[in-house]
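Only one structure is covered here, and it is reproduced in the block below.
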Amino acid sequence: MTADQLDSFVRTHDYESLPKPCLWNELPADYPAFGYGTFFTWLRIPDSLRNQEIGVYLPKCHSACIAYVGHIELMQAGQPASTKAGYQPAFLPKVGYFIATDSIVPLIIHVSNYDYAAGGIFEPVYIGPREGIDQLSTSHLAGPFGIALALLIAALFYIGIFAFIQKDRALLYFGLFCLAQSTRILFSDEYPYALLFSGLDWQLVVRMEFASLILTIIFFAQLVHALFPNQANRKIIRFFQVLSAIYLLLVVGTEPYVFTSLNKVYVLSLAPLALYGCWVFVRAYIKGEMGSRLALLSLSILLVLFFLQLFKYLRFIEYDLLVPLGFYTGFILTQSLLLSQRVGQYIKDLGRKAMESAEIKTNFLTAISHELRTPMNGVIGMTGLLEKTELNLEQKRYVQAIRHSSENLMVLLNDLLDFTLLTRRKIELEQVKFRLDKAIDAVVMMYAEKLRAKDLLLHVRIMPGTPRALTGDEQRFKQVLANLLSNAVKYTEKGEIKIEARMIQTTGAGTGMFLISVSDTGIGIPHHIQKHILDPFTQGNNGLNRKFEGVGLGLAISHRIVEAMGGEISLESSPGKGSTFTL
């Protein structure tokens, strides 16, 4: 259509002068939502843009349109028609370009709608140099798409945390809120979903747009209650959720005209929910509940965003589509800080409860070990006296078996007591003078009988230059050496055992570092067990068949005693060849 043809068309048809494109059923003439119409205007082209590419960006119309500049088709969304039979709706925003050779050119946009509760052009039409229009259309698509992607990542993150913790339901509801809001952004305004899926059915798109809005409200109401259950009234929250659920059923089960007609009523009904959420957060802040300050800041951002979008929907204000992105970013950040604070507090509580539980267990083990040692000392003493009486051979074997079992149980009780003390870091090291050679001899004498019974050779070597006179905790030193020698005797069937001691470092101030090793030619320790051998209740022969006695506390106790003395224990072992413990 040329400018002259447009003038002729205007003279022969009725029209209304408009300051900007709009929805025709909002005009004073009260046009019906269903129908078709033509928007037209004259574009005055400045001399600087003559014979250059000019872009036209049409973000959104209800529900199909085609645009021309003169007789040149610029763009098309769906298939507009004068009857529903030939009409096909589509929401995708379009960009078109033309080269203006005249100073005045007509812009004509044909629009038709037979599905939506509002017909016409919903957003402003942008016209300008191609570079500017390209930047504008790209930012209007990429900006919301980026926010939707960020919300999706946040949703997966918080839902994943809830799946791991399964304690604080606020994490779940915030994750679902972010997921619904992400879907809402993808399927509304600029419809950035088209960057991924360009061929979706219009009916599906419009239902996704409204359903995601409703789910956002449902999850937000649940989030308010989960954050501050003591301040939020469950019945009020449930009322808004039931209202939203009814509207959701209409979105799923009725024609678009039905639920789009009710959308304004539904959106207006959300204002009380927003104000009630604000009241809940203010009460929580007054009561000093954890995270209430961040929650109030987060809700304030969300309220500003909500009322901005509400006023725009009611056509009271206009703003650029990128304005909400800053509010979404602020809301995500503040809400993430709030939930991180809650997760941190939950982990602190778990740690405190674990420490309390460990303290109770330790106190119990300490008390029971002390209580059992008294009767066990009595049993050992009485069996010793009984052995000195006149007994036949069978009776002596019984008494010896009782004494042997009692002594093993006494060793276990002592180990348990030591282990609990070491676990609580309550061990106290004495500083007494003793002789290294005599301490080693005393430990060897404890196992002399077992060495003879198994026909094992024992070599003790104190290297030249090693001081014999020492100051330290003799009993703890002997306990560590006894544990190492006990394991060597227990796991060696034939061959020999070596104990070697030498000085490896002196400070010149009367202190130094000793290296003491205990080697055997026993069964050795499998490689996969070696890294755990110093852990409590670990044995080198763990498996289905437990050939050797013990519960695996000796090395763990020795390890902690040596650490308390400022040293360390290391292991070298090969299965079938033996082991060497060095401390």
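Evaluate Rg over Rh across region 106-192, taking Cα atoms for both radii and Kirkwood's formula for Rh. Could the numbers behind the result be given before it?
Details: Rg = 18.8 Å, Rh = 15.8 Å.
Rg/Rh: 1.19.
Quick one: what are the phi-derived ³J(HN,Hα) couplings along region 360-368, Karplus 6.51/-1.76/1.60 with θ = phi - 60°, whole Hz, x for glycine and proline?
Values per residue, Gly and Pro as x: 5, 4, 5, 4, 5, 4, 4, 5, 5 Hz.
Quick one: grab the alpha carbon gyration tensor of region 343-468, order the square roots of its eigenvalues as a ≥ b ≥ c, and give me rounded if a/c is under 1.5, else prolate or oblate depending on whether a/b is larger than b/c.
Details: a/c = 2.82, a/b = 1.39, b/c = 2.03.
Since a/c reaches 1.5 but b/c is at least a/b, the shape of region 343-468 is classed as oblate.
Just to verify a number: FRET efficiency for Leu308 and Asn51, C-beta to C-beta distance, R0 = 60 Å, to 0.05? Provide the component values of the computation, followed by the final result.
Details: r = 41 Å, r/R0 = 0.68.
Efficiency at R0 = 60 Å is approximately 0.90.
With no other cysteine's Cβ closer than 4.7 Å, which Cys residues of the chain count as lacking a disulfide-compatible partner?
So, Cys22, Cys178, Cys278.
Could you list which residues have their amide H under 5 Å from that of Gly119, counting only those 5 or more apart in sequence or on another chain, with H placed in the peptide plane?
Trp24, Asn25
Kindly write out, for region 518-529 in residue order, the coupling ³J(HN,Hα) from the Karplus curve 6.51 cos²θ - 1.76 cosθ + 1.60 (θ = phi - 60°), rounded to whole Hz, with x marking Gly and Pro.
With coefficients 6.51, -1.76 and 1.60, one gets 10, 10, 9, 10, x, 6, x, 10, x, 4, 6, 9 Hz.
Mean residue ellipticity at 222 nm from the helices of the chain, using -39,500 (n - 2.57) per DSSP H segment of n ≥ 4 over the full residue count, to the nearest 500 deg cm²/dmol? Don't skip to the end; give the middle numbers.
Working: 15 runs with 307 residues, N = 583.
Result for the chain: -18000 deg cm²/dmol, rounded to the nearest 500.
Compute the helix-to-body angle for 234-253: its Cα long axis versus the longest principal axis of the chain, expressed 0 to 90° and rounded to tens.
60 degrees
Stokes-Einstein diffusion coefficient for the chain at 25 °C in a medium of 0.890 mPa s, Rh from the Kirkwood formula over Cα pairs: what value in µm²/s?
On the way: Rh = 32.2 Å.
It comes out at roughly 76 µm²/s.
Can you tell me what percent of all Cα-Cα pairs in region 138-346 are more than 23 Å apart? Spell out each step's value before the answer.
Numbers: 9876 of 21736 pairs.
Of the Cα pairs, 45 percent sit more than 23 Å apart.
Take the Cα coordinates of region 233-306, assign each an equal point scatterer, and use the Debye formula without solvent to give log10 I(q)/I(0) at q = 0.17 Å⁻¹.
Taken in order of the listed q values, log10 I(q)/I(0) reads -0.74.
Region 353-423: percent of C-alpha pairs farther apart than 18 Å? Please report the intermediate quantities before stating the final value.
Values: 1261 of 2485 pairs.
Everything past 18 Å amounts to 51 percent.
How would you classify region 44-159 from its alpha-carbon gyration tensor, with a ≥ b ≥ c the square roots of the eigenvalues: rounded for a/c under 1.5, else prolate if a/b is greater than b/c, otherwise oblate? Don't skip to the answer; put the middle values down first.
Working: a/c = 3.34, a/b = 1.30, b/c = 2.57.
Taking the square roots of the gyration eigenvalues as a ≥ b ≥ c, region 44-159 is oblate.
Can you pick out the pairs among Lys287/Lys348; Lys450/Lys490; Lys454/Lys498; Lys478/Lys531; Lys167/Lys353 whose Cα atoms lie more than 18 Å from each other? Before the final figure, lay out the partial values.
On the way: Lys287/Lys348 22 Å; Lys450/Lys490 9 Å; Lys454/Lys498 15 Å; Lys478/Lys531 25 Å; Lys167/Lys353 15 Å.
Too far apart for the 18 Å limit: Lys287/Lys348; Lys478/Lys531.
Starting from the amide H of Gly495, placed 1.01 Å from N in the peptide plane, find each other amide H under 5 Å away whose residue is 5 or more places distant or on another chain.
For Gly495, the qualifying residues are Leu457.
Between Ala271, Leu451, Cys178, whose Cα lies farthest towards the positive end of the dipole of the chain when Lys and Arg beta carbons carry +1 and Asp and Glu beta carbons carry -1, centred on the Cα centre?
Leu451
Above 28 Å lies some portion of the pair distances; for region 432-582, what is it as a whole percent of all C-alpha pairs?
Looking at region 432-582, the distances longer than 28 Å represent 18 percent of pairs.
So what is the relative contact order of the chain, in percent, for Cα pairs below 8 Å that sit 6 or more residues apart?
Details: 858 pairs, mean separation 45.6, N = 583.
Contact order relative to length: 8 percent.
Would you kindly derive the ³J(HN,Hα) couplings of region 465-479 from the backbone phi angles with the Karplus curve 6.51 cos²θ - 1.76 cosθ + 1.60 (θ = phi - 60°), listing them in order in whole Hz, with x for Gly and Pro?
Using θ = phi - 60°, the values come out as x, 8, x, 8, 8, 10, 10, x, 8, 4, 5, 5, 4, 5, 5 Hz.
Every read-out reported here was derived from the displayed coordinates using simple, explicitly stated rules and does not represent laboratory data. The model shown is predicted, which means the values in this text are computed figures rather than measured ones. Positions of Cβ are generated from backbone atoms using ideal geometry, with glycine treated the same way; all protein chains shown enter the neighbour counts.
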